[in-house]
Every structure is written in structure tokens, then in C-alpha cells.
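These notes concern the structure reproduced below.
Laboratory data are not the source of any read-out in this text; all were calculated from the coordinates shown. Quick caveat, the model's predicted, so the values are computed rather than measured. Because the Cβ atoms are built from the backbone with ideal geometry, glycine has one as well, and the counts that use them run over all protein chains shown.
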Amino acid sequence: MATNERYEYAPDYAVHPGEILGERLAAYSMSQAELAGRIGMSTKTLSQIVNGKAPVTPETAIQLERVLGVSARLWTALDANYRLYAARTAAAQQLAAHSEWARGFPYAELVRRGVVEATRNLSERANELLGFFGVGSVDAWEKEYGKLQVAFRRSPAFNQSPEATACWLRLAELQAMATECAPFDERAFMSSLREARRISREPPAGFDVVLREQSAVAGVALVFVPELRTTHLSGATRWLNPDKAMLALSLRHKTDDHFWFSFFHEAGHLLRDSKKAVYLDSGDEGFSCVEEEQADRFACDFLIPPDAYRRFVAMHRYSESSVCWFSDEIGIAPGIVVGRLQHDGHVPFNSALNHLKRTVEFTEA
């Protein structure tokens, strides 16, 4: 059966064209000095070519074709293949020196997600990781992600496992880069957020498609990337370019109250904060800065109007019927109201109201 698989030919050896040249000279009983005279080259330079210490230039290849009858294309191909092989060998040796670098990454999880090839060899893992991150060397990775580390604004989510966090962010970036989006439009994005708030009341199955489509029209690539084991992330935002933003969610907590709060929290970063920063959020208490507090406030107030919330909690009625009535009044899912009441200490986390929260599970795009 025919398949569409492609195989890359990468032999573990290469022949320098000088070796072939030496064989041709022997076959013709021609000395190096004679050939040098015929092509107008010093015997020293020709000797260096024969001994593999000098390249066969295109000009020399044409001259050899005329004298020996061997295609110039063959000479240049031999030379190019040899130099590529030599470069790969040197690169492999360099990676071997950096093989310990590869140990810090959750490689097995990346294999399961199909973004790197399975291998036990650390040098090969390093090579796969560089390809995954789209950088040419370990030094380049450290410079690139060193800059990102500053942009992460000292988030504890990053510091827990920087390599795993970088992997999760890269998985999100790859999805986002593959997502077609219109140029960012703040009005369109605000409109999509109002619609997102409305559909929070609808069954979770399927509304991820609607959210992705509405976000893309506004210039935001919304992606869902399950967290890696040591990351503990709920979401992230960054600008891929001035006209395209990424909003990534991990669905770490698989209930609708957490999902919608995380979604609007990240949206708040895109609307209010620097386009140069990368925002990583764990959704856990204990870390606070101005940007995070503002994003929290944006999410809280967008989901539940402050005045309406104050009037509701002033009644101190937190029965199921009261919560459902209030959620109907303000037009959101009741699970979101339960989550807010629990966060603010009005309802215990083990409340019977938890059954109003719905499970949210999406697949990666």
C-alpha cells in the first residue's frame, strides 16, 4: 500500500571529492602536477583538494569536468554533501557537550503529544528540542528564553519548572501560529467577550468552537493546551505580533466557574496590559501584582456586575433557588456565581451548591 510518508536520506558518512579526484588521477595515470598545469592551479592547492583539506569550488568543478570528463554537478554535489556531513558532525559533537541541558525537559510528555521523536540519546533529544522550539542552538535557546523569563514578570508559575513552562508555552504558540486570525480589533474583541458571557449558560460541549471562531475574528488566537505535569498553569497571554494575540488556557480546573474566570482574566491582560510582556497565570492564591489584580478585577466585574453582586450578597440568601434566580437575572451560568461566592467566603468550598458547576472538557485544536 502506498503511503505519503517521507524519509530523509542522512547517511552517517561522506566522501570528500578529493578522494574521488585521487582515484581518477590514478585511473588516468596523471600526476597532480600535470592536472594542476591543465587547470591553471598551483600544485599546493590541488594537493590540498586531493587530501581533503580544501573545497572544490564551482569554478574548479567546471575545469575538472573539461579535463577529466566528470560532471561539474557531481563534483559540487560531492563537495556540498561532504561539508554538510562535516557540519552535522560538528553540530552533533556540540550537542553532546550540551546533552545535560536536555534532561530538564518533560521529554516523554512531548513525545506523547507528537512534537518530538522518541529517543533515549540525550544528544538526539537536544536536537529534537531545538527543532521543537525553533532555535538553532542551545545558546540561542538560552538567549531567547532568557528574554522571555524577564517577560514572565517573575511569575511563580514559571519559576516552579521553567523548562516545562517553556514547553507548554511553545505548544500554545504553535497552535496559535497555525490559527488564522483577522487583525486585532479591540471593539470586535469586546463584542466577542459579551457573546462569550452569554453562551456561558449553554451546554459546555461545543461552545469552544464558537469561542475560537469569535476570538479569531477579533484577532485573538484562542487555544486549549492541557498542562504538563509540573507546570500548574491555568492560562497565558502574549502578542505574537502587533496584530495578533494568543490566549491560551489549560483547563487545569475542569469546572465552568474556573474556566470562565480564567478566560476573562486572560482577556483582561490583552485589553489592559503591555504587548511586550508574557503573562502566565496559575490561578492560585498567594501571588499578586498590579497587572494580576487588574486582570482579576476585570474578570470579576465583567462576569458579575459589581452593583448587582453587592445587592445579592447583602440579602445573605445562598440557597440553590436564590443562586439560580440571580444567575438568570444577570445572564450567566449559575456555576460561575457559586465559584465567586466561594472565592469571597460567602459559601464553603464543599457546599452542596457545587453540583451547579458544570464540567468543561475540550480537545486541542
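I want the antiparallel fraction of DSSP beta bridges within the chain, as a percent rounded to 5. Please list the in-between numbers first.
Details: 10 of 15 bridges.
Beta bridges within the chain, antiparallel portion: roughly 65 percent.
At a Förster radius of 56 Å, what calculated FRET efficiency corresponds to the Cβ-Cβ distance of residue 62 and residue 241, to the nearest 0.05? Please list the in-between numbers first.
On the way: r = 45 Å, r/R0 = 0.81.
The value I calculate is 0.80.
Starting from the Cα of residue 140, step 7 Å along the direction of its Cβ; do the same at residue 83; then give the gap between the two resulting points in nm.
Roughly 1.9 nm, to one decimal.
Please find the FRET efficiency linking residue 307 to residue 343, where r is the Cβ-Cβ separation and R0 is fixed at 25 Å, and quote it to the nearest 0.05. It would help to have the intermediate numbers written out before the result.
Values: r = 18 Å, r/R0 = 0.74.
FRET efficiency, residue 307 to residue 343: 0.85.
Under a crude label model (7 Å from the Cα following the beta-carbon direction), how far is residue 23 from residue 324 in nanometres?
Label at residue 23, label at residue 324, 8.5 nm between them.
What relative contact order, as a whole-number percentage, does the chain give when Cα pairs under 8 Å and 6 or more residues apart are counted? Let's see the in-between values first.
Values: 451 pairs, mean separation 46.0, N = 365.
Across the chain, relative contact order equals 13 percent.
Provide the gained length on full extension for the span residue 97 to residue 30, in nm with one decimal, where the gain is 0.36 nm per separating residue minus the Cα-Cα distance.
Values: separation 67, 0.36 × 67 = 24.12 nm, distance 4.48 nm.
That works out to 19.6 nm of additional length.
How large is the helix-only mean residue ellipticity at 222 nm for the chain, computed as the sum of -39500 (n - 2.57) over DSSP H runs with n ≥ 4, divided by its residue count, in deg cm²/dmol to the nearest 500?
Working: 17 runs with 204 residues, N = 365.
Counting only the DSSP helices, I get -17500 deg cm²/dmol.
Please label the shape of segment 306-356 as rounded, prolate or oblate, based on the square roots a ≥ b ≥ c of the eigenvalues of the alpha-carbon gyration tensor (a/c under 1.5 means rounded; beyond that, a/b larger than b/c means prolate, else oblate).
Details: a/c = 1.58, a/b = 1.21, b/c = 1.30.
Here segment 306-356 falls in the oblate category.
I'd like the distance between the alpha-carbon centres of segment 95-145 and segment 310-365, rounded to an integer number of Å.
Their Cα centres are 44 Å away from one another.
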